[in-house]
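Structure first, then comments.
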Amino acid sequence: MLTERQKKAEVLARELRQIGATATSALPLVDGAPLRFRVLATRAEAVLRDLAEADWDARFVSSAPEFRLDGTTALSYTYEIHLPVERTAVPGDRITGELASSDKGRSAEVEALLKYVRGK
């Protein structure tokens with residue numbers, strides 16, 4: 001079963017494909033991993049503008065040549081988008097009740113142990 005984060009990554013990868021970019025991260029996205037995508041340098045500005053309008057923050061990773069099937073080589077950029085990780089609800093881990101205090105005094109066993117350890 002996919003998490004909400006993984007579903008969001010798949011939808012975003014589909015949207016990237018529609019605006020001219022290619023998702024390069026393996027899907028479903030592993031927890032903590034960013035969604036990486038590649039876009040041709042000539043389309044990068046338009047793709048980044050579309051992402052910014054949709055409130056996505058794409059960060060530049062690298063640039064490299066992209067070898068095309070028609071024999072040409074074009075410059076492409078790789079970007080990544082960090083998707084927020086879902087927080088797991090932590091059950092109450094607080095210890096409730098009365099805390100031990102020195103006001104109540106020590107038990108006879110504790111006194112005997114301290115006397116043995118300290119030599120007094």
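By the compact-protein rule of thumb, 2.2 N^0.38 Å, the alpha-carbon radius of gyration of the range 52-91 corresponds to a ratio of 1.91. Seen against the Cα atoms of the chain and their longest principal axis, helix 41-53 is set at about 50 degrees.
Evaluated over the Cα positions of the chain, the convex hull gives a direction-averaged projected area, one quarter of its surface, of 16.2 nm².
Taking every DSSP helix (H) stretch of at least 4 residues in the chain, weighting each as -39,500 (n - 2.57) and dividing the sum by the residue count yields a mean residue ellipticity at 222 nm of -10500 deg cm²/dmol. Simple point charges give the picture: +1 on the Cβ of Lys and Arg, -1 on the Cβ of Asp and Glu, and for the range 4-81 a dipole about the Cα centre of about 180 debye.
To the nearest 10 degrees, how steep is helix 4-18 against the longest Cα principal axis of the chain, on a 0 to 90 scale? Around 10 degrees separate the two axes. Would you mind calculating the relative contact order of the chain from Cα pairs under 8 angstrom and at least 6 residues apart, reporting the percent as a whole number? Once normalised by length, the contact order is 21 percent.
Quick note: the coordinates plus some simple rules give every number you see, no bench work behind them. Computed from a prediction, not measured in an experiment: that's the story for all the values here. All Cβ positions, even for glycine, are placed from backbone atoms using ideal geometry, and neighbour counts span all protein chains on display.
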